[in-house]
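The values are calculated or read from the model by the stated rules, or taken from the named source; none is laboratory data. Remember, it's a predicted structure, so these values are computed and weren't measured experimentally. Cβ coordinates were reconstructed from backbone atoms using ideal geometry, including for glycine residues, and neighbour counts include every protein chain displayed.
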Amino acid sequence: MDDNKKIITYKDIKQSPEVRAYIKQADISLAALGLTEHSFAHVTKCAEVAGKLLQDLDYEPRKVELAKIAAFMHDIGNVINRVDHAQSGAMMAFWILDKMGMPYEETAMIINAIGNHDEGTAYPVNAIAAAVIIADKSDVRRSRVRDKKTIFSDIHDRVNYAVEKAELIMNKEDKEIVLNLKIDTSISSVMDYFEIFLQRMLLCRKAANFFGLDFKLNINDSEQA
Ligand SMILES: [Fe+2]
Ligand SMILES: [Fe+2]
């Protein structure tokens, strides 16, 4: 490693006032746009899930750490604009990580993953990207809804609010990743869920395929896909 390069840890990123300021303002902006919670709860959960996925798949500890860093930073581009936030976030992450002294190869993997996480332009281009996609797209939960009043008018809020339980299970023997959801169908129908999540679930499948695994979705104990 170059003399001026350093090992940057997940803890360094989590505690960085710079990263935290961007995440905070990005979430304020998304709240103004009427979108679900994208703050520390979302990115911390994504970091934990993405890290665990790679750990369960026996990736080296540094890769696990890099996946956590990428997941924690994946939505910072929303501070610039929701549109193309994956690409602007990757540029921001490049600037931040380069200043911190992260080795170029590691920065490259992280910005590659961040720039490929959003529907429309997402693709599991490397293991970190695949882990971030699965962690991000599977984060559906009631606490992401900011205001209960909007659940009848906003399908995203309604679907998130209806999710009572969501768990991602890695089943290595059967070579599959399973997303188990418990949905309160008196709030949102399974069709509502599919209407907005189909593209995300297909992306999860593509990402699982990157690891040679299938992706299964299980809603209220009946396997859907
Ligand atoms: Fe995003
Ligand atoms: Fe996200």
Looking at segment 40-49, can you tell me whether even one residue there is surrounded by 21 or more Cβ atoms within 10 Å (Cβ to Cβ), under 29 Å from V159 (Cα atoms), under 18 Å from the mean Cα position of the chain (by Cα) and of a type in the set (F, W, Y)?
no
Can you tell me which of (1) outside any helix (DSSP H, G or I); (2) within 16 Å of ligand 2 (Cβ to nearest atom); (3) not aromatic (F, W, Y) is the one V125 doesn't meet?
(2)
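Take the residues in segment 72-84 that are in a helix (DSSP H, G or I) and surrounded by 24 or more Cβ atoms within 10 Å (Cβ to Cβ), then tell me which one is farthest from ligand 1 (Cβ to nearest atom).
F72
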Would it be correct to say that N171 is over 19 Å from the mean Cα position of the chain (by Cα) and at pLDDT 90 or above?
yes
In the set A90, A108, which member is out of contact with any Asp or Glu (no Cβ under 9 Å at 6 or more places or on another chain) and within 12 Å of ligand 1 (Cβ to nearest atom)?
A90
For segment 85-100, name all the residues that are farther than 18 Å from D12 by Cβ and either away from ligand 2 (no atom under 11 Å from the Cβ) or assigned to a loop (DSSP other than H, G, I, E, B) (or both).
Q87, S88, A90, M91
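Within the group D58, D98, which residue is out of contact with any helix residue (DSSP H, G or I) (no Cβ under 9 Å at 6 or more places or on another chain), more than 21 Å from D139 (Cβ to Cβ) and not hydrophobic (A, V, I, L, M, F, W, C)?
After applying the criteria, what remains is D58.
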Among the residues of segment 117-137 satisfying the criterion of being buried (at least 23 other Cβ atoms within 10 Å of the Cβ) and away from ligand 1 (no atom under 13 Å from the Cβ), which is nearest to I196 (Cα to Cα)?
I134
Could you list, in sequence order, all residues of segment 47-99 that are without any contact (Cβ under 8 Å) to a residue 12 or more places away in the chain and small (G, A, S)?
S88
Against the condition buried (at least 22 other Cβ atoms within 10 Å of the Cβ) and not aliphatic (A, V, I, L, M), how does S153 come out, does it pass?
no
Every residue from segment 69-82 that is closer than 10 Å to V43 by Cα and either among the aromatic types (F, W, Y) or more than 14 Å from ligand 2 (Cβ to nearest atom) (or both):
I69, F72
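Can you go through K99, K68 and tell me which one is surrounded by fewer than 20 Cβ atoms within 10 Å (Cβ to Cβ), among the basic types (K, R) and modelled with pLDDT of 95 or more?
Testing whether each residue is surrounded by fewer than 20 Cβ atoms within 10 Å (Cβ to Cβ), among the basic types (K, R) and modelled with pLDDT of 95 or more leaves just K99.
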